[in-house]
Amino acid sequence: MAETKRAKKTVTLFDDLEPVVNKPESKDPAITPKRKILFVASEARPFIATGGLADVIGSLPQALAKDPTYDVRVVLPMYSDIKPDFRRKMSFLGNIYVPLGWRNQYCGVFTCEREGVTFYFVDNEYYFKRSGCYGYYDDGERFAFFSRSVMEILPFIGYYPDILHCHDWQSALAAIYLKTIYCKRPEYQFIRALFTIHNIEYQGKYSLDILEDLFGISTNYQYLLEYDGCINLMKGAIECCERFSTVSPTYAKEIQTAQYAHGLQDIICKNAFKLTGILNGIDVDMYNPATDEALFAKYDAEHLENKKICKTELQKMLGLPVKNVPIIAMISRLVSHKGLELVKSVAEDILHEDVQFVLLGTGDKAYEEYFRDLGVRYEGKASVNIAFNGDLSKKIYSGSDIFLMPSVSEPCGLSQMIASRYATVPVVRETGGLYDSIKPYGDNGNGFTFASCNAYDMLYVIHEALDTYKKSEEWKALMKKAATTDFSWLRSAEDYKKLYEETYRTL
């Protein structure tokens, strides 16, 4: 018998990965079916990260997966910046073709498991073999492909979720596709959509001309996506989903006003009946001063003595005099909504006190230049580090005494939680997640707060913190209070479980 000729093999980066066959789910009626949650997002730690969204998608699914009644999975784009160490742990499931307008695009599917969560990565080098995640002229098409591929891979992987949990505008089209193109397919009819807004400033706005050609959505559905004369993907997801949420209860209230909603307040208010705010958490294992290898010395809330070593070594590292004065720190993107105008207004007033000031961050050139100049003029009192440096950030969190975060707008914020975890007392403005996570010391809280966008209100509260610092026993008690505040994802995960059940029961 003649040997059958084999098709020529295409050489790829993943030649060493073997296909994985999906096993069918058990049909045993005695086994209680798990609640299926599929996260759709554009980034997740540790695979790829540019901001707070990656922290959420890297932590919340794992917290949910600790509950054996949940089957939690995540879909991400296969960016070229995902490190080879992670790629080597992936298995190749196969490939499909994804319709997108008049196009029919290749989509490779890879998978791996991490801490009880199954991750899927959709691969198309035309869209994702680029440096970074965002900022390209065709981001609309790139994430339309990503969202459509999520819908198309469900039968391929044999997984139809109860809840499709989409995050920010990059995955908004997944919820929109679910309720338009796929709504009449029997296997999709019982999937409920939840959309989470991490930052309402970025909404995914495009010309109406590309609705059919680029996104493949009929003009019959234009009314769902059209807002203010253009396509608005975030608006479309809010209209289509059964529930939508934000990353803190206060931010959920704020985005119903023109001051915070960036033009979407009417849509938010119209759909407020299905809006929920749940405060994010942090990875308390990653941010743990008792185990953190980045620190000069380890400590915990019950034994804070080594925090003094962290402070002394930080002063040496940054060229500050080693002396027992309070270090006020900021770790931030240098952009206006972080409250930097407030800081500029009273920076010299602060530095005239017996303090040291440490800043780490990058951002707008004008702010970078201002703080560089401040560091030069107050050499020996101010250390300004215009950089993005994860190792240094942990050294600053652990070696500082006061953490300043005077944001004009802050959907949730993680830095105030991380600082608290390292027993560094936060001073924050009462907005968004800052209001929900930090309560004033005078009311038996875990930090210092001020309400108005006024630099001198902020300065007054900083003076309150400095006065309390001088009272050694009170300050130690406040440090412990901050360090023991529960910011874990397990707390937030319980709130999400309630929201998932409410979403699932929506008819």
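The values are calculated or read from the model by the stated rules, or taken from the named source; none is laboratory data. These figures come from a predicted structure and were not determined experimentally. Here the Cβ is made from the backbone with ideal geometry for all residues, glycine too, and neighbour counts use every protein chain on show. Note: areas computed on protein heavy atoms with side chains; ligands, DNA, RNA excluded. Shrake-Rupley method; radii C 1.70, N 1.55, O 1.52, S 1.80 Å.
Out of curiosity, is residue 477 open to solvent by less than 10 Å² (accessible area, probe 1.4 Å), over 30 Å from residue 275 (Cα atoms) and over 22 Å from the mean Cα position of the chain (by Cα)? Spell out how you get there, then give the answer.
On the way: open to solvent by less than 10 Å² (accessible area, probe 1.4 Å): no; over 30 Å from residue 275 (Cα atoms): yes; over 22 Å from the mean Cα position of the chain (by Cα): yes.
So residue 477 does not fit the description; no.
So for segment 198-220 (the condition being touching a helix residue (DSSP H, G or I) at 6+ places or on another chain (Cβ under 7 Å), within 30 Å of residue 395 (Cβ to Cβ) and among the β-branched types (Val, Ile, Thr)), does at least one residue qualify?
Scanning segment 198-220, I find no residue that is touching a helix residue (DSSP H, G or I) at 6+ places or on another chain (Cβ under 7 Å), within 30 Å of residue 395 (Cβ to Cβ) and among the β-branched types (Val, Ile, Thr), so the answer is no.
Does residue 141 count as closer than 20 Å to residue 36 by Cβ and either over 22 Å from the mean Cα position of the chain (by Cα) or not in a helix (DSSP H, G or I) (or both)?
Here the answer is no, as residue 141 does not meet what is asked.
Taking only segment 365-383 into account, find how many residues are open to solvent by 40 Å² or more (accessible area, probe 1.4 Å) and hydrophobic (A, V, I, L, M, F, W, C).
Initially, segment 365-383 is screened for residues open to solvent by 40 Å² or more (accessible area, probe 1.4 Å), giving 365-366, 369-370, 372-373, 376-377, 379, 381.
Narrowing further to those that are hydrophobic (A, V, I, L, M, F, W, C): 366, 376.
Matching residues across segment 365-383 total 2.
Taking the condition of being surrounded by fewer than 21 Cβ atoms within 10 Å (Cβ to Cβ) and in a helix (DSSP H, G or I), how many residues in segment 480-491 meet it?
Summing the residues that are surrounded by fewer than 21 Cβ atoms within 10 Å (Cβ to Cβ) and in a helix (DSSP H, G or I) in segment 480-491 gives 4.
Here is a list: 298, 338. Which entry is closer than 30 Å to residue 400 by Cα, basic (Lys, Arg) and open to solvent by 40 Å² or more (accessible area, probe 1.4 Å)?
Values: 338 fails: open to solvent by 40 Å² or more (accessible area, probe 1.4 Å).
The conditions single out 298.
Consider residue 443 against the criteria (1) at pLDDT below 95; (2) surrounded by 22 or more Cβ atoms within 10 Å (Cβ to Cβ): it satisfies all of them except one. Which criterion is unmet?
(2)
Go through segment 151-176 and report how many residues are surrounded by 24 or more Cβ atoms within 10 Å (Cβ to Cβ) and assigned to a helix (DSSP H, G or I).
Here the count works out to 8.
Yes/no per residue for (1) over 19 Å from residue 73 (Cα atoms); (2) of a type outside the set (S, T, N, Q); (3) modelled with pLDDT of 95 or more:
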site: 113; (1), (2), (3): no, yes, yes
site: 144; (1), (2), (3): yes, yes, yes
site: 158; (1), (2), (3): no, yes, yes
site: 169; (1), (2), (3): yes, yes, yes
site: 175; (1), (2), (3): no, yes, yes
site: 191; (1), (2), (3): no, yes, yes
site: 199; (1), (2), (3): yes, no, no
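Just to be sure, is residue 118 touching a residue at least 40 places away in the same chain (Cβ under 8 Å), in contact with a strand residue (DSSP E or B) (Cβ under 9 Å, 6 or more places away or on another chain) and β-branched (Val, Ile, Thr)?
Taking the combined requirement at face value, the residue satisfies it.
Tally time: how many residues in segment 41-86 are part of a helix (DSSP H, G or I), surrounded by 18 or more Cβ atoms within 10 Å (Cβ to Cβ) and charged (D, E, K, R)?
The total comes to 1.
Going through 134, 97, 126 one at a time, which residue ends up being under 26 Å from residue 212 (Cα atoms), open to solvent by 40 Å² or more (accessible area, probe 1.4 Å) and in a helix (DSSP H, G or I)? Break it down into steps so the answer makes sense when it comes.
Details: 134 fails: in a helix (DSSP H, G or I); 97 fails: in a helix (DSSP H, G or I).
Residue meeting the stated conditions: 126.
Cβ-Cβ under 7 Å, sequence separation 6+ or interchain: first residue in segment 54-79 and farther than 16 Å from residue 163 by Cα and among the aromatic types (Phe, Trp, Tyr), partner in a helix (DSSP H, G or I) and open to solvent by less than 10 Å² (accessible area, probe 1.4 Å). Which pairs?
Here the result reads 79/128, each pair linking segment 54-79 to a residue that is in a helix (DSSP H, G or I) and open to solvent by less than 10 Å² (accessible area, probe 1.4 Å).
Pairs only if they're at least six apart or on different chains, beta carbon under 8 angstrom, first in segment 355-379 and more than 25 Å from residue 464 (Cα to Cα), second open to solvent by less than 10 Å² (accessible area, probe 1.4 Å); list them, first residue then second.
Close Cβ pairs satisfying both conditions: 361/330; 361/334; 362/334; 363/334; 364/334; 367/334; 367/340; 368/334.
Pick out the one residue from 236, 229 that is of a type outside the set (Phe, Trp, Tyr), under 19 Å from residue 268 (Cβ atoms) and open to solvent by less than 10 Å² (accessible area, probe 1.4 Å). Steps first, answer last, please.
Values: 229 fails: open to solvent by less than 10 Å² (accessible area, probe 1.4 Å).
Every option except 236 fails the conditions.
Looking at segment 317-328, can you tell me whether even one residue there is in a strand (DSSP E or B), under 21 Å from residue 378 (Cβ atoms) and among the β-branched types (Val, Ile, Thr)?
For segment 317-328, residues in a strand (DSSP E or B), under 21 Å from residue 378 (Cβ atoms) and among the β-branched types (Val, Ile, Thr): present.
Specify the residue that is surrounded by the most Cβ atoms within 10 Å (Cβ to Cβ); the eligible residues are those in segment 262-295 that are closer than 29 Å to residue 46 by Cβ and polar (S, T, N, Q). Explain how you work it out, then say what you get.
To start, the set of residues in segment 262-295 that are closer than 29 Å to residue 46 by Cβ comprises 276-295.
With the extra rule that they be polar (S, T, N, Q), the set shrinks to 276, 280, 288, 291.
On the way: 276: 18, 280: 26, 288: 14, 291: 11.
Out of the qualifying residues, it is 280.
Checking the structure you have, find out if any residue of segment 83-102 is over 23 Å from the mean Cα position of the chain (by Cα), aliphatic (A, V, I, L, M), closer than 23 Å to residue 173 by Cα and modelled with pLDDT of 95 or more.
Scanning segment 83-102 turns up at least one residue that is over 23 Å from the mean Cα position of the chain (by Cα), aliphatic (A, V, I, L, M), closer than 23 Å to residue 173 by Cα and modelled with pLDDT of 95 or more.
Which of the following residues is of a type in the set (A, V, I, L, M, F, W, C), surrounded by 16 or more Cβ atoms within 10 Å (Cβ to Cβ) and more than 26 Å from residue 243 (Cα to Cα): 92, 146, 121? Steps first, answer last, please.
On the way: 146 fails: more than 26 Å from residue 243 (Cα to Cα); 121 fails: more than 26 Å from residue 243 (Cα to Cα).
None of the others qualify; the one that does is 92.
Looking at segment 407-439 only, could you name the residues that are open to solvent by 20 Å² or more (accessible area, probe 1.4 Å) and under 27 Å from residue 261 (Cβ atoms)? Reasoning before the result, please.
Step one: filter segment 407-439 for residues open to solvent by 20 Å² or more (accessible area, probe 1.4 Å), giving 408-409, 414-415, 421, 430, 435-436, 439.
Hits for segment 407-439 are 408, 409, 414, 415, 430, 435, 436, 439.
Hey, which of the strands (runs of 3 or more DSSP E) in segment 391-471, taking only ones fully inside, have at least 2 residues that are in contact with a helix residue (DSSP H, G or I) (Cβ under 8 Å, 6 or more places away or on another chain), under 25 Å from residue 313 (Cα atoms) and without any contact (Cβ under 8 Å) to a residue 60 or more places away in the chain? Don't jump to the end; show me each part of the working.
Values: elements: 402-405, 425-429, 448-450.
Fully inside segment 391-471 and qualifying: 425-429.
Could you grab me the full set of residues in segment 239-249 that are crowded, with 22+ Cβ neighbours inside 10 Å and more than 29 Å from residue 183 (Cα to Cα)?
The answer is 248, and nothing else.
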